[in-house]
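The values are calculated or read from the model by the stated rules, or taken from the named source; none is laboratory data. It should be emphasised that the depicted structure is a prediction, and the values quoted were computed from it without experimental measurement. Note that we place each Cβ from the backbone using ideal geometry, even for glycine, and neighbour counts take in every protein chain shown. Just the protein is used for accessible areas: all its heavy atoms, side chains included, with ligands, DNA and RNA removed. Shrake-Rupley method; radii C 1.70, N 1.55, O 1.52, S 1.80 Å.
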Amino acid sequence: MTKPAHTTPPPDAAARRRAPPVLTYSVEQLPSFDAAFYNLARAELSKVAELMVPPRDAEAFEVPAGHFFRIVSVEGPQVGDLNLWNAHDLTERFYSGKTRALHATHLSTGDRLWSTFPRLRPMATITHDTLDWYGWDEDGAGVHDVIGTRCDPYTNLLLKGTEYHHCCHSNLTRALAAERNLPLEEAEVHVHDVMNVFMCTGYTRDTHQYFMKASPVRPGDFIEFFAEIDLLVALSACPGGDCGASHSDDTVKCYPLKVEIHRPRESAMAGWQSPPPNKYSRSHGIGEAVTATKSADR
Ligand SMILES: [Zn+2]
C-alpha cells in the first residue's frame, strides 16, 4: 500500500525529482572479472565431493580456496538459501548488503560475494549460471537475489502466531551447529542474510514491496562459484520449494538440491592467490591518522 503524504511538496518538487541517478559505487574500479582465468580453471574439473541437501533442511560443507562448487537443481524446482563463512574464522561472513550495493539486487556470472568488515574481500566469484537467460522479467523480477533475508521462525511467529521449525534460518543454524559441533544458540548468531539461489524475486513497481514468484529453475540447471578463500558453506533447501506460493510452512512441494565440489587442474591455478583482506588502517580517525590530519591543517 502506498502511504499517503502528509507534507505539501515544495514548488520545485518536479525539478527535485528529476535529479539524475548516479551509480553509488564505481564498480569498474573493483578488480575486474578475469574471464580468461576462470574459464581456463573450469575447463578441466575433477569432481572431488558431492552431497544432497534434503528438502526443508540444510547441509554445511567446506570448499577449499581455488576450488569450485556448484548448486544443482534436481528432481524439481527448488530455491536454496546460501551462507558463506571463512572456514578459519566465522566472524568473516558473506555481506549481502554490500554485495547488493556493489553489484546489483540479483547476481550472476562475474559477480563476487563480498565478506563483512573489516576484511571486505571477495569470498566467492560466480563463474557460471545456467539461468542467466532470465534477465529481468515484466514484473521487474530476476533470479538469485541478495535483497531477501532468509525465512525465519521469528518473523513467522509475528505474522502467523505459530511456530515452524524448518525455516531456512533454523535449517542453517542446525547445519552449522552440527558441522562445527556448536550449541544451537552459538551457531545461530553466525547465520546471516543469504544469497537466494534460484529464487525469483523483485520489488513491486507501485509500492516497492518484496515479492517472489515461481522459480524458473529446471532440473539440470546450476550456478557455479569459485571459492576465493577457504570456505565453510551452508545451504538450505527452502520450505517454500519454488517459492511460487508460500514459505515457512509444509504446504508446498519441496525438492533436494545437489552440491558438487570440483578441483581445477593444478597448472591452471599457477600463481593464483586468495585476495588479501582490505587494507584500511582501522584507525577510524583516532591516533596517528588524526594527528597527521591536524598537523596538515596548521
Ligand atoms: Zn527459506
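Order Arg100, Arg119 by their accessible area, 1.4 angstrom probe, all chains in place, largest first.
Putting Arg100, Arg119 in descending order of accessible area: Arg100, Arg119.
Distance between the C-alpha centers of the range 31-54 and the range 123-142? Whole Å please.
One Cα centre to the other: 18 Å.
Given springs between every Cα pair under 10 Å in a Gaussian network model of the chain, which of Lys213, Lys279, Lys98 has the largest fluctuation?
Result for the chain, Cα springs under 10 Å: Lys279 fluctuates most.
In a Gaussian network model over the chain where Cα atoms closer than 10 Å are linked, find which of Asp34, Asp129, Asp111 has the largest mean-square fluctuation.
Evaluated over the chain, the most mobile residue of the options is Asp34.
How do Tyr203, Tyr38, Tyr255, Tyr154 stack up against each other in accessible area, from largest to smallest, with a 1.4 angstrom probe?
Output order, biggest surface exposure first: Tyr154, Tyr203, Tyr255, Tyr38.
Over the chain, what is the relative contact order in percent, taking alpha-carbon pairs closer than 8 angstrom and at least six residues apart?
33
Per residue and in Å³, how big is the convex hull formed by the alpha-carbon atoms of the range 51-189?
Cα convex hull per residue, to the nearest whole number: 148 Å³.
Whole Å is fine, so just give me how far the alpha carbon centre of the range 189-219 lies from that of the range 98-120.
16
Accessible area of Phe33, 1.4 Å probe, to the nearest 10 Å²?
So the heavy atoms of Phe33 present about 70 Å² to solvent.
For the chain, how many pairs of lysine residues have a Cα-Cα distance under 29 Å, where the two are 8 or more positions apart or belong to different chains?
So the count of such lysine pairs works out to 12.
If you plug each phi of the range 107-124 into the Karplus form 6.51 cos²θ - 1.76 cosθ + 1.60 with θ = phi - 60°, what whole-Hz ³J(HN,Hα) values come out, in order, with x for Gly and Pro?
Using θ = phi - 60°, the values come out as 10, 7, 3, x, 7, 9, 9, 8, 9, 5, 5, x, 6, 5, 9, x, 8, 8 Hz.
So what is the accessible area of the chain per residue, in Å², with the probe set to 1.4 Å?
Value returned for the chain: 53 Å² of accessible area per residue.
Work through the residues other than Asn156 whose Cβ is under 11 Å from its Cβ and net out their charges, Lys, Arg +1 and Asp, Glu -1.
With Lys, Arg at +1 and Asp, Glu at -1, the net is -2.
I need the chymotrypsin sites (Phe, Trp or Tyr not before Pro) found in the range 223-285, filtered to DSSP loop residues with at most 16 other beta carbons within 10 Å of theirs.
Passing both the DSSP loop test and the Cβ count: Trp272, Tyr280.
Where a ≥ b ≥ c are the square roots of the eigenvalues of the C-alpha gyration tensor, would you call the range 1-70 rounded, which needs a/c under 1.5, or, failing that, prolate if a/b is larger than b/c, or oblate?
Cα axes put the range 1-70 in the oblate bin.
Compute a Gaussian network model of the chain, connecting alpha carbons closer than 10 Å, and tell me which residue from Val191, Val252, Val146 fluctuates the most.
Ranking Val191, Val252, Val146 by mean-square fluctuation puts Val252 first.
Run through the range 39-79 and list the chymotrypsin sites (Phe, Trp or Tyr not before Pro) located in a DSSP loop whose Cβ has at most 15 other Cβ atoms within 10 Å.
Sites meeting the loop and neighbour criteria: none at all.
So how do Lys253, Lys3 rank on accessible area, 1.4 Å probe, biggest first, that is with the largest at the start?
Putting Lys253, Lys3 in descending order of accessible area: Lys3, Lys253.
Out of the total accessible area of the chain (probe 1.4 Å, heavy atoms of protein only), what percent is carbon and sulfur?
55
Can you give the local net charge around Thr109? Use residues other than it whose beta-carbon is closer than 10 angstrom to its beta-carbon, Lys and Arg +1, Asp and Glu -1.
Spelling it out: positives minus negatives among the neighbours equals -4.
Tell me, what does the Kirkwood hydrodynamic radius of the chain come to in angstroms if you use every pair of distinct C-alpha atoms?
In the chain this quantity evaluates to 20.8 Å.
Could you pull the accessible area for Glu62 with a 1.4 Å probe, rounded to 10 Å²?
90
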